[in-house]
Amino acid sequence: MASCETNETAQVLGVLRIDAASGAQLVARLRLDMDVTWPLLSWGGGQQPLRMEDAGAAAMPERWERFDLAAYRLSDGPPALGLRGGWSEGYAGGGAFYSALYLFELHGDTLKQVFGADMSMYRDIAGNWNDDGTREHHIEEWAGVLIVEPSTHHGYRDLRLRERGGRGGDLYRWSPTAGGYRRVE
């Protein structure tokens, strides 16, 4: 929603309840640009978008790509809401695209981020010039998939982030003190 006085833009995620009798009602809202502590992410080999590196901390995605409509059933409550965010950067002779998944959970009239993880990366870095005038390119790609495991801790299902087509992966468990998921070391 835009503010007419300051010309600033707020980034708000909201949940609406819609029924025939009363129309649309706001159930919960969350200011993404103010009310969320964004997790520090790193993609394969510790790579990060330059915006994150420059901030020296976690950063909100520079764009929202889409809702992730998978039914993330983390607990006995309503499914979590998935939102995909991304970053891109250009280089002389190349570029990179990074994507992350964030899960938000509805508790009454409150919406809270409970999980965030890197989900894909594509980097194309130009290398040396060839004798024929073309240029070498070094391509790095990584894509993950999030699996809701059947095992539970503190009333929440474990999550596993695995490289697409791979085995194993990073395990995340619910942390009651943090009120969200944390990677199991």
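The values are calculated or read from the model by the stated rules, or taken from the named source; none is laboratory data. None of these values were measured; they are calculated from a predicted model. FYI the Cβ positions are ideal-geometry reconstructions off the backbone, even for glycines, and counts take in every protein chain you see.
Being in contact with a Phe, Trp or Tyr (Cβ under 9 Å, 6 or more places away or on another chain) and assigned to a loop (DSSP other than H, G, I, E, B) is the filter here, so list the residues in region 18-35 that pass it.
LEU32
Between a residue in region 1-19 that is modelled with pLDDT of 90 or more and any residue that is aliphatic (A, V, I, L, M) and surrounded by fewer than 11 Cβ atoms within 10 Å (Cβ to Cβ), which pairs come within a Cβ distance under 7 Å, given they are 6 or more apart or on different chains?
ILE18/ALA24
Taking VAL145 and the conditions (1) modelled with pLDDT of 90 or more; (2) farther than 30 Å from GLY14 by Cβ, which numbered condition does it fall short on, given that it satisfies the others?
All conditions pass for VAL145, except number (2).
Which condition number does MET52 fail, the rest of (1) modelled with pLDDT of 70 or more; (2) under 17 Å from ALA100 (Cβ atoms) being met?
Status for MET52: all satisfied but (1).
Out of LEU111, LEU83, report the one residue that is over 16 Å from PRO39 (Cβ atoms) and crowded, with 17+ Cβ neighbours inside 10 Å.
Among LEU111, LEU83, only LEU111 is over 16 Å from PRO39 (Cβ atoms) and crowded, with 17+ Cβ neighbours inside 10 Å.
Restricting to region 55-78, count the residues that are assigned to a loop (DSSP other than H, G, I, E, B), within 13 Å of LEU103 (Cα to Cα) and modelled with pLDDT under 90.
So the count comes out to 1.
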